[in-house]
Structure formats: C-alpha cells, structure tokens
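The values are calculated or read from the model by the stated rules, or taken from the named source; none is laboratory data. Nothing here was measured: the structure is a model prediction, and the numbers come from that model. Backbone-built Cβ (ideal geometry, glycine too); neighbour counts: all protein chains shown. Each accessible area value is taken on the protein alone, full model and side chains, heavy atoms only, with ligands, DNA and RNA left out. Shrake-Rupley method; radii C 1.70, N 1.55, O 1.52, S 1.80 Å.
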Amino acid sequence: MLDIFTMTGPRAPTPADSAAHPLRVALARGDRLVDRNAPALRHLLGAPKRSLVNDAVVAHVGAMFDNLALQLVMARGAENDADLLEAFAERLIEVEALRGHCQALAFEWRLALQLEEELALDPVLSPALQAMVADGEAIAAPLAMAALTSQARFAQAQRRMELPLGELPAELFHAVLIAAREVSGGEDGASIAQAETRLRARYDEATTRLAVLARLATNGLPGGVSLVIVESAGVALWLSALAARTGEARDRTACATADPMLGRLLLTLRAAGLAPGEAERQALRVQPDAALPGGLGDVGTREAAQWLGELRR
C-alpha cells in the first residue's frame, strides 16, 4: 500500500509542448466548467420554487442555504419571521465563496454515498480512520477520534441537507455574519450585535470537521495507512490529504470529482505522489464510466503540481 509521505516512481519526462498536452487541456476545461457553473448555480438557487429543479446537487445546496438562514433567524430569536428567513437566504446566496463551499460539500457527500453503495465504504468510519483509532499509541489516535465524531455529525447533517454555522471555515463564518448584519429585518442595531456576539462566542474553527481532518492528514500515521487511496482513507480524509499534499483548495478538489474528464483530479493525484496507473485507478473509482484524458504517464509529480499552480493564479 502506498504511504502518503512516499513519492512513487521516478520523475517522468516533460512533454516538449506541454501547453497542448491532453491533461493540460482537460485541466483547463474542467476549471472552465466549474467557473461557468458558479453563476448558473447562483441563478438556480435564486429562482422561485427552486426545489422543483430536477437536480440533486442544486436541491442539496439550496437546502443548506435555507438551513444556514434558519440558524441566523433563530440566533435573532425571530423563528416565526418568514420574511426575515427569506431575506437571509437570498442574501447568503450572493456570497460566492459560500456557494462554492456548499457545492463542494454536496459533491463530497454524493461521492461518499456512491462509494458506500459500490464498495461498502462507510461514509463515517473508513479503514484508515479505524486503524488510527485502534492504534492507541499513535500520535494521530486522539485526532482520529475527534475526526470520527466530526464525520458522524457531518453525515447526519448531510442526510438532513443541513450545514451548521459552526462547521464553516473561519473566513466563511465571518462572511455569513457580515451578510446577516446587512439584513436588518427591522431590528435595532443592539439586538443584531448581541446575536452576532453570541454566535462568535460559540465558534471555534479548530474544532470544525475540516480543521480536524486537515490536522489528521498531516500527522504521523500508523504503518501501512495511506490517505491518498480513497478506499483506505474514505472520501473525507482523502480530500483533506490531497489538499495537504498538493496545496490545492479542498473545495476545488471536491468539485473536480464531478468533472466528466477528471483532468484536475488526475493531476492532483499525480502531484500528491501517486504513480500514473494508480492515479487513473483512483479517478475511475470516482467515476467508473469516465473517459480519462491520455498522457498522464508523461507528467511527473513536479509538472503536475506546477500545472495546478498555474491554474490557481
């Protein structure tokens, strides 16, 4: 089994004309799809009766926005104010980074359910997480227990299509509160400030699921445990490990799992140290019927990381 800290295979030769390489073309195409999808998702979420849209991801994301809005209304003690609830939901949809984050969570959960059905891979307790929890002497064991608890809460919330405010990354938690502050709902400034103060007092980014997974992905692991193999790590740890190894945004990698050509995912796997054949096998675990772009064997780990970095700029 591959180890997360082990680079696999020698560095592959760089193609003479890397700009025309099929993987670079697939990478650019996948990123354009994600970027073009953002305004479309905003439009669908803002449309009346969006629950009638026959698209599971849009419905899931929309439900998460509604749930975030409900939590904000409850924080202000205005549970019965339907107008304020609608105003919060409409304002939150305007936050682009929040739309992308919710979309990534929906893709992550969809993939977790898919692999549960196809591979009997538990969405909460993966083989790697089970091994770390069982290894009481390992440095990662306490973190693994925290990750297990966090992942169980995430699974429960996703089944309900909910997103707790306290699970947002710090920058998004702040953005949500700023957006909520702009929706007065007829309340006075003191009442709004008190509600925001209560929410901030309860928030601790270090205890969020994503923060715990990120720490676990960079800690020492028991022998034989690999976090860049999805069947071992489970979807949640796998995405966090890929982000840790490559410097890629976790949300971006989660969205890449839905790209029909999987160009970004393949290069992320290669940049994380997987050999070309194993990277392709992992990609096909995500989308068994995908037509993968060729040429991954021509791309070394450094080239893959470089190409990903160029697209980030």
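Quick notes on this one:
- Volume per residue for the stretch 68-212 equals 112 cubic angstrom (convex hull of Cα atoms).
- Convex hull of the stretch 259-299 built on C-alpha atoms - directionally averaged projected area, nm²: 2.4
- Under the Debye formula (equal points on every Cα, no solvent term), log10 I(q)/I(0) of the stretch 220-310 at q = 0.11, 0.23 Å⁻¹: -0.26, -1.21
- Inter-label distance, Glu116 to Ala206: 3.1 nm, where each label sits 7 Å from its Cα along the C-beta direction.
- Percentage, to the nearest whole number, of Cα pairs in the stretch 147-271 over 21 Å apart: 51
- Sequence ranges 113-123, 166-176, ranked by mean other-Cβ count within 10 angstrom, highest first: 166-176, 113-123
- Cut-off 12 Å between beta-carbons: net charge of the residues surrounding Gln282, Lys and Arg +1, Asp and Glu -1: 0
- Stokes-Einstein D (µm²/s) once Rh is taken as the Kirkwood radius of the stretch 68-124 over alpha-carbon pairs, at 25 °C in 0.890 mPa s: 183
- Cα point-scatterer Debye curve for the stretch 101-153, base-10 log of I(q)/I(0) at q = 0.21 Å⁻¹: -0.80
- Net length gained if the chain between Arg29 and Arg181 were fully extended (0.36 nm per residue, minus Cα distance): 50.9 nm
- Spin-label pair Gln130-Gln156: with each label point 7 Å from Cα along the Cα-Cβ axis, the two points sit 2.2 nm from one another.
- Exposure ranking of Met161, Met64 by accessible area [1.4 Å probe, largest first]: Met161, Met64
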